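Undergrad: Sharing a structure with you now.
The values are calculated or read from the model by the stated rules, or taken from the named source; none is laboratory data. Note that the structure is a prediction, hence the values are computed from the model and not measured. All Cβ positions, even for glycine, are placed from backbone atoms using ideal geometry, and neighbour counts span all protein chains on display. Just so you know, the surface numbers come from the protein's heavy atoms only, side chains and all, with ligands and any DNA or RNA stripped out. Shrake-Rupley method; radii C 1.70, N 1.55, O 1.52, S 1.80 Å.
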Amino acid sequence: MTDTQKQLKILEIDPWLAPYEDDLKLRMRRFEEVKQALLGEEEKFTDFANGHHYFGFHPTAEGWFYREWAPAADGLFLTGDFNEWNRDSHPLTRKEHGVWEIFLPGKNALKHESLVKVHVFSRGLGRDRIPLYIHRVVQNKETHDFSGQIWAPEKPFQWTDQHFKVDPSQDPLIYECHIGMAQEKERVGTYREFEENILPRVKALGYNTIQIMAIMEHPYYASFGYHVSNYFAASSWFGTPEELKSLVNKAHEMGITVLMDIVQSHAVKNLAEGINEFDGTTYQFFHEGERGTHSAWDSKLFNYGKHEVIHFLLSSIKYWLEEYHFDGFRFDGVTSMLYHDHGLGTAYDSYDKYFSLNTDLEAINYLQCANRLIKEVRSDAVSVAEDMSGMPGMCLPIDWGGIGFDYRLAMGMPDFWVKTLEKRDDDWNMYTLYHELSTSRPQEKRIGYVESHDQALVGDKTLIFRMADKEMYEFMNKGSKNLEVDRALALHKMARFVTISLGADGYLNFMGNEFGHPEWIDFPREGNNWSFKHCQRLWSLADSPFLHYNDLYLFDKAMVRFMQDHSLMGGGPPKVVMIDQEQKILAFRKADFIFIFNFHPTYSYKKLELPLHEAASYQVVMDTDEGRFGGYDRISHEVIYDSHKLEINPDYTGIALYAPSRTAIVLQKK
C-alpha cells in the first residue's frame, strides 16, 4: 500500500473532511512527486536549497566567481565601479541549463562595498540589472537609482548565540515591529537604534518573540516591505548587514526569538530594481499573462510549478536562517498563494471553497516544501501562516496530510473586533464573542490578536482611535475626565485580555498598539508631501506618568507577564463557567484561574454568582480596574471567596463577588 493510499491522519482529526479525501490524497501525491523530482532518492531539501552558495558573488584565494541563472538571455556583462561601469569588458560565459559565469582573477578584483550591476542583453534589448543573489543593495542619494554592493568585510561578524534555541514550551508572545518607524524621530530608524532602544522595551514588556517586517530589500519605503525586489539582501534602509546580525544576536542574548516577515507570495514588478524580466522574459520567475499579475497588489506572481523558481525561493529561506540566524518566518500573503482568485472577496463558509479548481495545488506543494526545509535546517524554527481562509491542515504535519506550519494568524479576530465596535455596546453578543475567539481547527495552533499593523495603516483606525477618536487629543491626561476616553481605556484592556486568554496558542501585538498609540501609520509619500509625521512611534507617551497611555502600557506589561508566568496560553477552548447575554457576562476557567468579563456598559453587579460546582476558595489576583492601570480600584484583592450554596440555585455551589461594569477580573484558587 502506498503512502497516498493510507488513511491520512488529518481525516481522523477532522471527520468533516471525509468527502474530500481524494483531494487531500492528491495534495500529498503531488507533494511526493515534486519532492522526488527535486531531490531524487537520497537528498534532503537542505541539500537542494543551496542556490546562494553557488550563484552570486563568491571570493576564493585566487579571485572571484560570479554566476547567474538567465536562461533566455543572449549575453550578460558584469559592470561596476571596478571597471568604471564598462558594459563590454567583462562578459559572462554561458554554461549549461541557463547558467552564466565569470571568474575575476585576484583577491582584490572586487573590493568590499564595490558597486556592481549586470548588463543583460536579451531579444535585442539591453538593461542594467541588479544581480539576483546580491547580498546588499544601496541607493544613490543623488540619482536615486539602486545598485548591488559587494559585501565582504575584512572581519566578518562574530556570533555569540550558538546556544540559543527556541523554547517549544514557551508559547509565542509576538511583538510585531518595523525597524524604520520604531523611533521617535521624523526619519528612518536604524537596526542599531532598534537594538539599543526597542529590544529592552520588548524584554521589559514580557514578549518573548519579535516579528520584524520589511527586512528583505524593497525600493519603495512606503510599501511597508511588501514589494520585495531582492530576495537575498537585507534592507539597506535601516543599516548594514552586520548591524542586522548584531540586532539578532542581541535579541538571542536576551532570550528573544526573532521571526522574519518573509514575502514569497508576490514580488515587485519593477525592472530596474527587482527580478521581473531579468532574462528578458516575463516567465522566468512568474506566470505569463493575467495569472502572473496580482491586480489588487500591482505586483508579480511566482510560478510555483517551476523547479528553478522553487530552488530560488527555498534557497532564500535557507539563506536567512543561515546567514542572519533568524528563528523562523511569518509567511505573508498565504491566502493569495492558495487560491487562483487570491481569496479576493471570497467568503470561506464551506469546505467546498478549499477543494476546487480555484485551489492552487502548486502553491500548496511549495509551502509544504518550504516548511519541510525549515525544519531540516533548524528543528526548533517556527513558521507562521498569514491565512484568512482557514485552509484545513494549514498547521498540521505534512505527513498527516497538512501543510506544515506551526501556527496560523487568527485573522478573523481583528475583523471581529472591528465589526463589534460598529455595534452599540448593548448589542454585543457574548456567545458570538466566545465562539469567535475560542474556536479553531482541531489540533491546529493559532496566534490571536486584536490588531496588527494592518489595522493601524492610514485609511483604517486602531482600536482605541475607533472608540475615542478626536477626544484622545484632549483627554488622555490623567487629570481630565471624558466618558468616551473612559470607555475606550476600559475596552482596550478588556479586548486584549479576553483575546489573549480565550484559547489562542500565541499572541501578537504591533509595536505601540499596546499603549494605544494615537492616530494611524502613514509612510512618507507624494500624497503627504513625503512626511514622516505619522511614521514613528511616540514612546514618550507610554513613558509619561501623567498620561493614560502609561496606564495601558503598564496593563499590557502585566497581562503578558501574567499569562506567561502562569503558562495560561493555549490548551484549547477554556471551560465555560457562565455566558449571560443579558447581563453581558462571560466567565471561564483555565487551570486554577477563573476569568470574569463584565462587558455591560453601565451595570455593576454587587453580587455576581458564579456556579463552580466545587468546594474551594478563590482570591482576586488581577483586574483591569486596578489603579496602576488607570482604573478606580473598586475590587479588593484581599477578600477570600469561599464556595457556598448559591441563591440562584441551592443545588449549585460557587462564589459571589462584586463585578463592576466594563471590567475583567481574574481569580486564583487558594
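Undergrad: Considering only the chain, what is the antiparallel percent among its DSSP beta bridges, to the nearest 5? Write out the running numbers ahead of the final one.
TA: Numbers: 70 of 98 bridges.
Looking only at bridges with both residues in the chain, the antiparallel portion is about 70 percent.
Undergrad: OK, next. Work out how far the C-alpha atoms of the stretch 402-476 reach from end to end along every principal axis, then list the three figures in whole Å, largest first.
TA: Answer, in whole Å and largest first: 50, 29, 20 Å.
Undergrad: Check residue 183: other-chain or 5+ apart residues with amide H under 5 Å from its amide H, H built from backbone geometry?
TA: Residues meeting the criterion, in which the H sits 1.01 Å from N, are 189, 537.
Undergrad: Here's a follow-up. Counting only protein heavy atoms, what percent of the accessible surface of the stretch 248-363 is carbon or sulfur at a 1.4 Å probe?
TA: 49 percent
Undergrad: Helix-only estimate, please: 222 nm mean residue ellipticity of the chain, summing -39500 (n - 2.57) across DSSP H runs of length 4 or more and dividing by its residues, to the nearest 500. Could the numbers behind the result be given before it?
TA: Working: 16 runs with 162 residues, N = 670.
Value at 222 nm, helices only: -7000 deg cm²/dmol.
Undergrad: Taking a ≥ b ≥ c as the square roots of the eigenvalues of the Cα gyration tensor of the stretch 157-204, is the shape rounded (a/c under 1.5), prolate (a/b larger than b/c) or oblate?
TA: Verdict is oblate for the stretch 157-204.
Undergrad: Counting other Cβ atoms within 10 Å, which GluC sites (Glu not before Pro) in the stretch 38-124 have at most 15 and lie in a DSSP loop?
TA: Answer in residue order: 41, 42, 43, 62, 84, 113.
Undergrad: Distance cut-off 22 Å, Cα to Cα: go down the list 245/269; 107/155; 493/584; 95/306 and report the pairs above it.
TA: Beyond 22 Å: 245/269.
Undergrad: Convert 25 °C to kelvin, take the viscosity as 0.890 mPa s, use the Kirkwood radius over C-alpha pairs of the stretch 553-670 as Rh, and evaluate the Stokes-Einstein diffusion coefficient in µm²/s, rounded to a whole number.
TA: D = 167 µm²/s.
Undergrad: Return one number: the angle in degrees, 0 to 90 and rounded to the nearest 10, between the long axis of the Cα atoms of helix 21-39 and the longest principal axis of the Cα atoms of the chain.
TA: 40 degrees
Undergrad: Starting at the first residue of the stretch 215-232, write each ³J(HN,Hα) from the Karplus equation 6.51 cos²θ - 1.76 cosθ + 1.60 with θ = phi - 60°, in whole Hz, x for Gly and Pro.
TA: Listing the rounded values in order: 7, 5, 4, 9, x, 10, 4, 6, 6, 6, x, 8, 9, 6, 10, 9, 8, 10 Hz.
Undergrad: Please give the peptides 551-559, 299-307, 8-16, 430-438 ranked by average Cβ packing (other Cβ atoms within 10 Å per residue), highest first, as a rough proxy for protection.
TA: The most tightly packed comes first, giving 551-559, 299-307, 430-438, 8-16.
Undergrad: On to the next question. If I fit a long axis through the Cα atoms of helix 241-253 and take the longest principal axis of the Cα atoms of the chain, what angle between them do I get, 0 to 90°, rounded to 10?
TA: 30 degrees
Undergrad: Right, next: Could you work out the per residue convex hull volume over the alpha carbons of the chain, in cubic angstrom? If you can, show how the numbers build up before the last one.
TA: Details: hull volume 115.8 nm³, N = 670.
Spelled out: Cα convex hull of the chain, divided by residues, is 173 Å³.
Undergrad: Enumerate the amide H contacts of residue 174 below 5 Å, restricted to partners 5 or more residues apart or on another chain; note that Pro and chain-start residues carry no placed amide H.
TA: Answer set, sorted by chain and number: 507, 508, 509.
Undergrad: Can you tell me the accessible area per residue over the chain, all protein chains present, probe 1.4 angstrom, in square angstrom?
TA: Ligands and nucleic acids excluded, the result is 40 Å² per residue.
Undergrad: Taking the full set of protein chains and a 1.4 angstrom probe, give the accessible area of residue 85 in square angstrom, rounded to the nearest 10.
TA: About 100 Å², ignoring ligands and nucleic acids.
Undergrad: Does the stretch 282-392 come out rounded, prolate or oblate by the C-alpha gyration tensor, with a ≥ b ≥ c the root eigenvalues, rounded set by a/c under 1.5 and, if not, prolate when a/b is larger than b/c and oblate if not? Show your work: numbers first, answer last.
TA: Values: a/c = 2.05, a/b = 1.35, b/c = 1.52.
Oblate shape, in that a/c is at least 1.5 and b/c is the bigger or equal ratio.
Undergrad: Another question, then. Just want the answer: with Cβ charges of +1 for Lys and Arg and -1 for Asp and Glu, which residue in 570, 631, 289 is farthest toward the dipole's positive end in the chain?
TA: Of the listed residues, the answer is 631.
Undergrad: Using only the Cα atoms of the stretch 597-642, build the gyration tensor, take square roots of its eigenvalues as a ≥ b ≥ c, and label the shape rounded, prolate or oblate: rounded if a/c is under 1.5, else prolate if a/b is larger than b/c, else oblate.
TA: oblate
Undergrad: List the residues, sorted by chain then number, that are 5 or more residues from residue 388 or on another chain and whose placed amide H is less than 5 Å from its amide H.
TA: Counting only residues 5 or more places away or on other chains, the set is 335.
Undergrad: May I have the convex hull volume per residue, in Å³, for the Cα set of the stretch 244-288?
TA: Spelled out: Cα convex hull of the stretch 244-288, divided by residues, is 96 Å³.
Undergrad: Additional query: Just how far, in whole angstrom, is the stretch 29-102 from the stretch 586-608 if you go by their alpha carbon centroids?
TA: Cα centroid of the stretch 586-608 versus Cα centroid of the stretch 29-102: 62 Å apart.
Undergrad: Longer than 19 Å from Cα to Cα, which of 557/607; 165/318; 423/590; 165/203 are they? Say none if no pair is. Intermediate results must be reported in sequence, preceding the final value.
TA: Numbers: 557/607 30 Å; 165/318 17 Å; 423/590 29 Å; 165/203 17 Å.
With Cα atoms farther than 19 Å apart: 557/607; 423/590.
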